[in-house]
1. Along the Cα→Cβ direction, 7 angstrom out, place labels at Gln11 and Asp177. What is the inter-label distance in nm?
2. Give me the percent of the accessible area of the chain that comes from carbon and sulfur atoms, probe 1.4 Å, all protein chains in place.
3. 222 nm [θ] for the chain, helices only, -39500 (n - 2.57) per DSSP H run of 4+, per residue, to 500?
4. Of all trypsin sites (Lys or Arg not before Pro) in the range 1-96, which ones are in loop regions per DSSP and have a Cβ with at most 13 other Cβ atoms within 10 Å?
5. Which percentage, to the nearest 5, of the DSSP beta bridges contained in the chain is antiparallel?
6. Rounded, prolate or oblate: which fits the range 82-162 when a ≥ b ≥ c are the square roots of the eigenvalues of the alpha-carbon gyration tensor, with rounded for a/c under 1.5 and prolate only if a/b beats b/c?
7. Can you give me the solvent accessible area of Asp186 with a 1.4 Å probe, rounded to the nearest 10 Å²?
Amino acid sequence: MSDVRDGGVFQTSQPTLRGASVTLRPLDRDDIAGLVRVCASREVAVMTATIPHPYAASDAEEFLSRLQGAWERGETACFGIVSGSGLLVGTIGLRIDHANLRAEVGYCIAIEDWGRGYATSALRTLIPFAFGPVGLRRLVAHAFPHNAASVRVLRKCGFREEGLLRKHELKWGVPTDLLALGLLRDESMLDCPISFA
């Protein structure tokens, strides 16, 4: 198993991960329109800490520019979530803390694609990659308490609630609670059927 601190998997190009019902692939400038489709809805933005509203092509371009070089530096592994029909339905990623061999997981799904299992499938595809080739020992996720669907996804994937961070996030200027959830490598579902390309 590689160790995120020694470069390991990050010394190669970012892979494509193929799960049971979704593919996770690197994002590029051809995804600007798809990112706008995913992120433009207020209903999506209100469930996340970082997506602005309104969301325009310039926001997608800024997001993609922040990703440039982040893979090679081992800071971030961000993927587009692609359905079986080839449609970009969301994004998922890891923000990596090298010193502690952990990462924060974040994801979003286009409102038109809610309730179709894409988030769960994407997270089940990402977990064995994080704990296997990337060499992490712990994953953490945060969710607004009102985002019950996201909390259910995390629980289905083995995450455990670890506490409530009171008024932790300023969401559109309003102090908002966050639920903290975590998953340890020895609790994970490493037998998930994924392949790397």
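1. 4.7
2. On the way: 4950 of 9630 Å².
It is 51 percent, rounded to a whole number.
3. Working: 5 runs with 46 residues, N = 197.
My calculation for the chain gives -6500 deg cm²/dmol from helical runs alone.
4. Numbers: sites: Arg5, Arg18, Arg29, Arg37, Arg42, Arg66, Arg73, Arg95; in loops: Arg73.
Passing both the DSSP loop test and the Cβ count: Arg73.
5. On the way: 36 of 40 bridges.
Given both bridge residues lie in the chain, the antiparallel proportion sits at roughly 90 percent.
6. On the way: a/c = 2.12, a/b = 1.38, b/c = 1.54.
The shape class here is oblate.
7. Roughly 140 Å² of Asp186 is accessible to a 1.4 Å probe.
The values are calculated or read from the model by the stated rules, or taken from the named source; none is laboratory data. As the structure is a prediction and not an experimental result, all values here were calculated from the model. Neighbour counts run over all protein chains shown; Cβ positions are idealised from the backbone, glycine included. We work out accessible area using only protein heavy atoms, side chains counted, and drop any ligands, DNA or RNA first. Shrake-Rupley method; radii C 1.70, N 1.55, O 1.52, S 1.80 Å.
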